[in-house]
Amino acid sequence: MEHLQLHLYEIRQFELAPWLLLAAYLLGSVPWGLVIAKVFLGFDPRTKGSGNIGMTNVMRTGGKKAGIATFLLDFGKGFLAVWLCSGYFHAPEIFSILAGFLAVLGHTKSVFLKFTGGKGVATNFGVWAALDWRVFLALAALWVGVFLWKKISSLAALTALALMPLVVFLFESLDDRLYLASLLSIYLIILHKSNIARLLGGAEGKLKTTKEKLP
């Protein structure tokens, strides 16, 4: 009887999995930076600054509070997507990993924005906070360290992303989480290609916590 109950439980998990993964993508797709800027500040961040909907551009164009709120909500959707699988429904690990990837994919290719979006850094941090808090703390330390040194948000993000597979390897060794880290590292670095070009050209701006005057 116990064996049958376990088998039925596993079947239910696999039946639920597609809905959990869809929910992860839709959670990731919610463009919080755009929502905050439009609803509370009355402008579209895609038309100002770098045109990005993430924390950095929202902070530059809308101020410190808007930027922090954007980061927390983007972080939260990555965390929630993974936690629903692992913490609430106790689905197999592979579904948590897939949910994490889909949350980041949703942020960068949002169904609500005609498959455009942000660059996924905050959502990626949220994913790792849910998967392994040690990895999250290490990535956060890398970001903070580089940012305090150079005051350039994109450089801090790129450093954390480039070293992410190594960080995961040190904590997780060779498992599926390392594959996720490697895939997200490559994908998100590619999304930062314009930032990389500006960094190489010495034209990447520093992040200020006060609203910048933009046309």
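Count neighbours as other Cβ atoms within 10 Å of each site's Cβ, and list the trypsin sites (Lys or Arg not before Pro) in segment 59-115 that are DSSP loop with at most 11 such neighbours.
K114
Quote the charge dipole size of segment 2-200 about the Cα centre in Debye, to the nearest 20; the model charges only the Cβ of Lys and Arg (+1) and of Asp and Glu (-1).
Dipole of segment 2-200, to the nearest 20 debye: 1340 debye.
What is the magnitude of the charge dipole of segment 90-205 about its Cα centre, with +1 placed on the Cβ of each Lys and Arg, -1 on the Cβ of each Asp and Glu, and no other charges, expressed in debye to the nearest 20?
With only Lys, Arg, Asp and Glu charged at Cβ, the dipole is about 560 debye.
Taking only Cα atoms, what is the 0 to 90° angle, nearest 10, from helix 153-172's long axis to the longest principal axis of the chain?
For helix 153-172, the angle is close to 20 degrees.
So what is the 222 nm mean residue ellipticity for the chain from helices alone, if each DSSP H run of at least 4 adds -39500 (n - 2.57) and you divide by all residues, rounding to the nearest 500 deg cm²/dmol?
When only DSSP H runs of four or more count, the value is -23000 deg cm²/dmol.
Return the distance in nm (one decimal) between the two label points of a simple spin-label model at L72 and K206, each offset 7 Å from Cα along Cα→Cβ.
The modelled label-to-label distance comes out at 2.7 nm.
Taking the Cα atoms only, what angle lies between the long axis of helix 64-83 and the longest principal axis of the chain, rounded to 10 degrees?
The helix 64-83 is inclined about 20 degrees to the chain.
Would you mind checking the tilt of helix 176-191 against the longest principal axis of the Cα atoms of the chain, expressed as 0 to 90 degrees and rounded to 10?
Orientation of helix 176-191: about 30 degrees from the principal axis.
Please give every one of the lysines within straight-line cross-link reach of K151, meaning a C-alpha to C-alpha distance under 20 Å, and leave out same-chain neighbours fewer than 8 residues apart.
Qualifying lysines at Cα under 20 Å: K64, K65, K119, K193, K206, K208, K211, K213.
Limiting things to C-alpha atoms, what are the Rg and the maximum Cα-Cα separation (Dmax) for segment 85-215, in angstroms?
Taking only Cα atoms of segment 85-215, I get Rg and Dmax of 15.6, 50 Å.
Which distance in nm do the two modelled labels at V39 and L16 give, with both placed 7 Å along the Cα-to-Cβ direction?
2.8
For segment 2-200, with the dipole built from +1 on Lys and Arg beta-carbon atoms and -1 on Asp and Glu ones, taken about the Cα centre, which of P18, M59, I94 lies farthest toward the positive end?
M59
Convert 37 °C to kelvin, take the viscosity as 0.692 mPa s, use the Kirkwood radius over C-alpha pairs of segment 2-200 as Rh, and evaluate the Stokes-Einstein diffusion coefficient in µm²/s, rounded to a whole number.
Result for D is 191 µm²/s.
Every number in this text was worked out from the coordinates using simple rules, so none of it is lab data. What you are looking at is a predicted structure, and each value in this text was computed from that prediction instead of being measured. Every residue, glycine among them, receives a Cβ derived from its backbone with ideal geometry; neighbour counts consider all protein chains shown.
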